[in-house]
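The values are calculated or read from the model by the stated rules, or taken from the named source; none is laboratory data. Being a predicted model, the structure only gives us computed values, none of them experimental. Glycine also receives a Cβ, built like all others from the backbone with ideal geometry; neighbour counts cover every protein chain displayed. Surface accessibility is based on the protein's heavy atoms, side chains included, excluding ligands, DNA and RNA. Shrake-Rupley method; radii C 1.70, N 1.55, O 1.52, S 1.80 Å.
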Amino acid sequence: MPAYFRLAQVLVVAAAGLGGSVALAADANHGGELAKRWCAACHLVDSTQNQTSTDAPPFDAIAHKSDFTPEKVAFFLLDPHPKMPNFPLSRNEAADLAAYIGSLRKYPVQ
Ligand code: HEC
(Lines give C-alpha, C1' and ligand atoms only; values in the text may rest on other atoms or scores of the structure.)
Protein backbone atom coordinates (compact mmCIF):
# COMPACT_ATOMS: atom_id res chain seq x y z
CA MET A 1 0.00 0.00 0.00
CA PRO A 2 1.53 3.36 -0.95
CA ALA A 3 2.63 5.53 1.95
CA TYR A 4 0.40 8.45 0.98
CA PHE A 5 -2.63 6.17 1.19
CA ARG A 6 -1.64 5.08 4.70
CA LEU A 7 -1.25 8.72 5.63
CA ALA A 8 -4.73 9.50 4.31
CA GLN A 9 -6.12 6.68 6.44
CA VAL A 10 -4.35 8.00 9.52
CA LEU A 11 -5.74 11.47 8.86
CA VAL A 12 -9.30 10.15 8.59
CA VAL A 13 -8.90 8.32 11.88
CA ALA A 14 -7.37 11.40 13.49
CA ALA A 15 -10.22 13.60 12.24
CA ALA A 16 -12.76 11.14 13.64
CA GLY A 17 -10.94 11.01 16.96
CA LEU A 18 -10.97 14.77 17.27
CA GLY A 19 -14.68 14.93 16.54
CA GLY A 20 -14.01 16.47 13.13
CA SER A 21 -16.20 15.56 10.20
CA VAL A 22 -15.49 12.10 8.85
CA ALA A 23 -17.77 12.96 5.94
CA LEU A 24 -15.33 15.52 4.58
CA ALA A 25 -12.67 12.89 3.99
CA ALA A 26 -15.05 10.11 3.00
CA ASP A 27 -16.22 9.06 -0.44
CA ALA A 28 -20.01 8.78 -0.58
CA ASN A 29 -19.98 7.22 -4.07
CA HIS A 30 -17.75 4.43 -2.86
CA GLY A 31 -20.01 4.07 0.17
CA GLY A 32 -22.98 3.65 -2.17
CA GLU A 33 -21.24 0.81 -3.97
CA LEU A 34 -20.39 -0.88 -0.67
CA ALA A 35 -23.99 -0.46 0.50
CA LYS A 36 -25.36 -2.18 -2.61
CA ARG A 37 -22.91 -5.03 -2.19
CA TRP A 38 -23.09 -5.59 1.57
CA CYS A 39 -26.16 -3.94 3.01
CA ALA A 40 -28.92 -4.26 0.39
CA ALA A 41 -29.91 -7.76 1.53
CA CYS A 42 -31.42 -6.27 4.67
CA HIS A 43 -31.69 -2.49 4.16
CA LEU A 44 -33.25 -0.42 1.41
CA VAL A 45 -30.08 1.35 0.36
CA ASP A 46 -31.45 3.62 -2.37
CA SER A 47 -34.72 4.66 -3.98
CA THR A 48 -34.41 2.16 -6.86
CA GLN A 49 -34.58 -0.77 -4.47
CA ASN A 50 -38.04 -1.85 -3.35
CA GLN A 51 -37.57 -5.07 -1.40
CA THR A 52 -35.47 -6.56 1.37
CA SER A 53 -35.73 -9.74 3.38
CA THR A 54 -35.80 -8.04 6.79
CA ASP A 55 -37.36 -5.17 8.68
CA ALA A 56 -34.07 -3.31 8.99
CA PRO A 57 -34.57 0.45 8.69
CA PRO A 58 -34.10 1.89 5.17
CA PHE A 59 -30.95 4.00 4.83
CA ASP A 60 -33.13 6.94 3.87
CA ALA A 61 -34.90 6.67 7.24
CA ILE A 62 -31.59 6.36 9.10
CA ALA A 63 -30.32 9.47 7.31
CA HIS A 64 -33.36 11.47 8.40
CA LYS A 65 -33.27 10.57 12.08
CA SER A 66 -33.03 13.78 14.06
CA ASP A 67 -29.83 12.70 15.80
CA PHE A 68 -28.11 11.44 12.63
CA THR A 69 -24.45 12.28 12.10
CA PRO A 70 -22.04 10.48 9.77
CA GLU A 71 -19.65 10.13 12.71
CA LYS A 72 -22.17 8.19 14.77
CA VAL A 73 -22.98 5.86 11.91
CA ALA A 74 -19.28 5.30 11.14
CA PHE A 75 -18.59 4.38 14.77
CA PHE A 76 -21.71 2.23 14.89
CA LEU A 77 -20.44 0.31 11.86
CA LEU A 78 -17.04 -0.33 13.41
CA ASP A 79 -18.79 -1.98 16.35
CA PRO A 80 -21.84 -3.54 14.68
CA HIS A 81 -25.22 -4.11 16.25
CA PRO A 82 -25.74 -7.74 17.35
CA LYS A 83 -28.52 -8.24 14.80
CA MET A 84 -26.15 -7.28 12.01
CA PRO A 85 -23.49 -9.62 10.70
CA ASN A 86 -20.05 -8.58 11.80
CA PHE A 87 -18.61 -6.92 8.71
CA PRO A 88 -14.86 -6.65 8.44
CA LEU A 89 -15.16 -2.95 7.54
CA SER A 90 -12.09 -0.77 7.54
CA ARG A 91 -12.42 2.69 9.05
CA ASN A 92 -12.37 4.15 5.55
CA GLU A 93 -15.17 1.88 4.41
CA ALA A 94 -17.24 2.70 7.49
CA ALA A 95 -16.68 6.43 6.85
CA ASP A 96 -17.62 6.03 3.15
CA LEU A 97 -20.81 4.16 4.07
CA ALA A 98 -21.67 6.80 6.63
CA ALA A 99 -21.05 9.54 4.05
CA TYR A 100 -23.29 7.72 1.60
CA ILE A 101 -26.10 7.47 4.17
CA GLY A 102 -25.52 11.15 4.93
CA SER A 103 -25.86 11.98 1.24
CA LEU A 104 -29.43 10.64 1.34
CA ARG A 105 -30.45 13.50 3.63
CA LYS A 106 -32.44 16.19 1.92
CA TYR A 107 -30.49 18.84 3.81
CA PRO A 108 -26.75 18.52 4.27
CA VAL A 109 -25.48 17.60 7.71
CA GLN A 110 -23.91 20.52 9.56
C1 HEC B 1 -28.38 -9.43 7.93
C2 HEC B 1 -29.13 -8.20 7.76
C3 HEC B 1 -28.38 -6.88 7.79
C4 HEC B 1 -27.32 -6.50 6.99
C5 HEC B 1 -26.63 -7.30 5.90
C6 HEC B 1 -27.01 -5.14 7.37
N7 HEC B 1 -27.85 -4.71 8.36
FE8 HEC B 1 -27.83 -2.86 9.22
N9 HEC B 1 -29.34 -3.44 10.48
C10 HEC B 1 -30.01 -4.65 10.41
C11 HEC B 1 -31.09 -4.64 11.37
C12 HEC B 1 -32.10 -5.79 11.59
C13 HEC B 1 -31.03 -3.39 12.03
C14 HEC B 1 -31.95 -2.87 13.14
C15 HEC B 1 -31.39 -3.27 14.45
C16 HEC B 1 -32.30 -2.85 15.55
O17 HEC B 1 -32.75 -1.70 15.52
O18 HEC B 1 -32.53 -3.65 16.43
C19 HEC B 1 -29.91 -2.66 11.45
C20 HEC B 1 -29.52 -1.40 11.85
C21 HEC B 1 -28.58 -0.63 11.18
C22 HEC B 1 -28.20 0.72 11.54
C23 HEC B 1 -28.72 1.50 12.75
C24 HEC B 1 -30.00 2.15 12.44
C25 HEC B 1 -30.45 3.00 13.59
O26 HEC B 1 -31.62 2.91 13.92
O27 HEC B 1 -29.63 3.74 14.13
C28 HEC B 1 -27.28 1.14 10.64
C29 HEC B 1 -26.59 2.50 10.57
C30 HEC B 1 -27.06 0.05 9.72
N31 HEC B 1 -27.85 -1.02 10.08
C32 HEC B 1 -26.19 0.09 8.67
C33 HEC B 1 -25.85 -1.02 7.90
C34 HEC B 1 -24.82 -0.99 6.87
C35 HEC B 1 -24.01 0.24 6.46
C36 HEC B 1 -24.77 -2.25 6.34
C37 HEC B 1 -23.82 -2.76 5.25
C38 HEC B 1 -22.41 -2.63 5.55
C39 HEC B 1 -25.76 -3.05 7.04
N40 HEC B 1 -26.40 -2.27 7.97
C41 HEC B 1 -26.00 -4.39 6.78
C42 HEC B 1 -29.74 -5.69 9.56
C43 HEC B 1 -28.70 -5.73 8.64
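If you go through the stretch 32-44 and keep only what is touching a helix residue (DSSP H, G or I) at 6+ places or on another chain (Cβ under 8 Å) and either near the ligand (Cβ under 8 Å from one of its atoms) or open to solvent by 60 Å² or more (accessible area, probe 1.4 Å) (or both), you end up with L34, A35, C39, H43. Annotation: of all residues in the stretch 45-93 being of a type in the set (F, W, Y) and more than 10 Å from the chain's Cα centre (by Cα), the one that is least open to solvent (accessible area, probe 1.4 Å) is F68.
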